[in-house]
Each structure stands twice: as structure tokens, then as C-alpha cells.
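Rule-based calculations on the coordinates, nothing more; no lab input. Please read all numbers here as calculations on a predicted model, not as lab measurements. Cβ placement follows ideal geometry from the backbone for every residue including glycine, while neighbour counts extend to all protein chains displayed.
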Amino acid sequence: MPVWLALAALVSAASLDGGTDADAGAPARTVLDRIVAIVDRQPVLFSQLDFETRVVFIQLGGTLAATARLSDEDYAAALEWAIIQRLLLAEATRLQVFDVEDAEVAKAVKAFAGRLPGDAYRAFLESQEATEEELASILRRDLRVTRFLASKVPFAARVTEPDVRRYWTTHAELAEQPYERVREAIYAQLTRERYRTLPAARKQLEDLRAKADVRTVTSFAPAPPPPGGDAGTARP
């Protein structure tokens, strides 16, 4: 039995709050986690999605996302991006391009920690039951995929330093942070937006999905329209 299928069975069993007569009178079982998608036989758990979503928001200045309740719209957009990101990472890995150095990842972790002052950074990791190594893995993937996407954007449309600074100065939640601390996150966000506007982007993603085994297990409310709406609610 594939690992993801065994895990799905385990998680499904944990979600039952009734069952056999032998369970009568027993305390209701607690759902520890659930699978929200499967990408090439690798399950994406809700806990992973929640962690990754909050990381993106915090990177973009939304430090309240460390503890705030997120909406179905947030999760819907984040799940779509989580699937796309994994497909793009697999493609970059297959092509053996855009590797990320450990020193770059360490810098990204330090910048992320700087957005949550005092004990808030460690408290965030503890609340997510996550390690710094797991955070580093997310940031490494984000760096590599961002570079891969940037290579797909025509030179004339690529994100420039003035673009990044303009975004920084026009978003109050970011302008409160030192520019160098949020620069990479803004660049990544703008690169994703530029990539999604390309006519060829949809075709590439359709091709990647066609070659991969992608299944969405959990449905959230429909995601909002693509970037360009409320500046204060930037999503992955």
C-alpha cells in the first residue's frame, strides 16, 4: 500500500468520533491532521498548508498571521499555490537548475525571524509544532521556485529593484520593516504575479499537472481573483 494511502486511512480513522459498539461511551476521538492534497503520491497535510500559508503572510509583513484565524479563501489560494510550487520544484529538480546555497537559506531564516521580534519567533514555531529546519526547507523551496519562475518571465517584464521598492513604500505593513528584511519576499510575490499574467504560464502549468498525479482531497471556499485587488490582503 502506498505510504500516502496508508496515511490517509490513518487520518480518516482518527476523524471518527463513533464507530463500533465497543467505542460506545468512549471519549470522542480528536482529528490530529488531515490530507488536503496529494502531489505525485506525496500527501500535503493541513498542518503543512497552515504553516506554509502563515510563513508567506509573515514574510509579506502580515505578522498577525502568526496567530490569527485564517479564512477559507486564504487556504484555497494557498493550497493552489502549494500544488503549483511543488510541481515547479519537481521540474527545477529534474532540470537540475537554480540550486540554493545553505548560506542563502540561513540568511532567509534570519530575515524571517527578524519579522517576529522578541519571543514571538520561537512562539510561532512552537505553536505550529515546527522546527527551524522545517521552516528552512520551506524558504529554500520558495527561493528555488522564485528563481525558476523569474527565468520564465521575459526580460522586459521581470521584476526590477524600483518595482520592489515601490511595493515596499506603498504598503504600510511592509514600510514598517527594514527594506532588506522584506526585499526577497516582495520580489518573490511580484515574480509570482508577473508569471501568472503570462499567456504561456497557464500552458506550462497545465502540462506539469498533466504529467503529475495531483489530487485535491479537501475543498475550501473559492479563492479570490488574481492579485490586483486589496493591497492589504496579498495572498500566495
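A few notes on this one:
- In the range 168-215, the convex hull through the Cα atoms has an average projected area of 4.9 nm², a quarter of its surface area.
- Peptides 206-218, 48-60 ordered by average Cβ neighbours within 10 Å, highest first: 48-60, 206-218
- Bins of 5 Å from zero: percent of alpha-carbon pairs in the range 44-225: 1, 7, 16, 19, 23, 18, 11, 4, 1, 0
- Partners for Lys107 among lysines (Cα-Cα distance below 29 Å; same-chain residues under 8 apart left out): Lys152
- Anisotropy class of the range 118-185 from Cα gyration tensor, a/c 1.5 cut: oblate
- With R₀ fixed at 25 Å, the C-beta to C-beta distance from Leu95 to Ala212 puts the FRET efficiency at about 0.95.
- Order by protection proxy (mean Cβ within 10 Å, highest first), peptides 133-139, 185-191: 185-191, 133-139
- Phi angles of the range 42-52 translate, via the Karplus equation with coefficients 6.51, -1.76, 1.60 and θ = phi - 60°, into HN-Hα couplings of 9, x, 10, 7, 4, 4, 5, 4, 4, 4, 5 Hz per residue; Gly and Pro are given as x.
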